[in-house]
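**Student:** So that we are looking at the same thing, I have put the structure below in structure tokens.
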Amino acid sequence: MSKIFEALRTAANSAKSKGRNQRRGGRRDFNSVIVAYGHTLDGEPFYEEARTINVSAHGALLELAVPVSVGQKLMLFNDSSNRHQICQIARTRVKGTAAFEVAVEFPVPHSEFWQIFAPRHKKRHSETQHEMAEAGITA
């Protein structure tokens, strides 16, 4: 019986470590300022200009001065894209004496929020042939 329990423990630890580093999408370093609205740990409303560290279509890693907790919701406003997005805090980490690294995730991917992800456009064969012909390239 102890071999079974040991195998279960090993499998659980392996699944945890694999899940820790898996990402749903690529992240990009992106240093920008957005406005974050939420509630403090005491329930008081706050807003602050938060700095982005890196971003993806699925969320971001932010630097905040206000302590927050995992599971809490924030409303982010991006003045550059003129968009807003509700997100949930996935992780927090103390960074220095007056800052926190906060990982947030969007309920659904929203790459337009950051305006840095180019949409993937797959060209049809006829489009490629037309462009090649205009450029004087023969295949």
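The values are calculated or read from the model by the stated rules, or taken from the named source; none is laboratory data. Predicted model only: the values in this text are computed from it and were never measured. Note that we place each Cβ from the backbone using ideal geometry, even for glycine, and neighbour counts take in every protein chain shown.
**Student:** Please specify each residue of the range 33-77 satisfying the condition of being surrounded by fewer than 17 Cβ atoms within 10 Å (Cβ to Cβ) and among the hydroxyl-bearing types (S, T, Y).
**Tutor:** Y37, T40, Y47, S69, listed by residue number.
**Student:** Applying the selection to the range 80-135, what residues are at pLDDT 90 or above, polar (S, T, N, Q) and either touching a helix residue (DSSP H, G or I) at 6+ places or on another chain (Cβ under 7 Å) or surrounded by 14 or more Cβ atoms within 10 Å (Cβ to Cβ) (or both)?
**Tutor:** Residues satisfying the conditions are Q85, Q88, T92.
**Student:** Continuing with the same structure: Being among the β-branched types (V, I, T) and within 15 Å of the chain's Cα centre (by Cα) is the filter; apply it to the range 40-69 and report the residue that is nearest to R28 (Cα to Cα). Explain how you work it out, then say what you get.
**Tutor:** We begin by selecting, within the range 40-69, every residue among the β-branched types (V, I, T); these are 40, 52-53, 55, 66, 68.
Adding the requirement that they be within 15 Å of the chain's Cα centre (by Cα) leaves 52-53, 55.
Numbers: T52: 10, I53: 9, V55: 5 Å.
Among residues in the range 40-69 that are among the β-branched types (V, I, T) and within 15 Å of the chain's Cα centre (by Cα), the one nearest to R28 (Cα to Cα) is V55.
**Student:** For the range 37-114, which fully contained strands (runs of 3 or more DSSP E) count at least 1 residues that are on the phi > 0 side of the Ramachandran plot? Outline the logic, then answer.
**Tutor:** Details: elements: 45-56, 59-64, 73-78, 83-95, 99-105.
Counting at least 1 such residues, we get 59-64.
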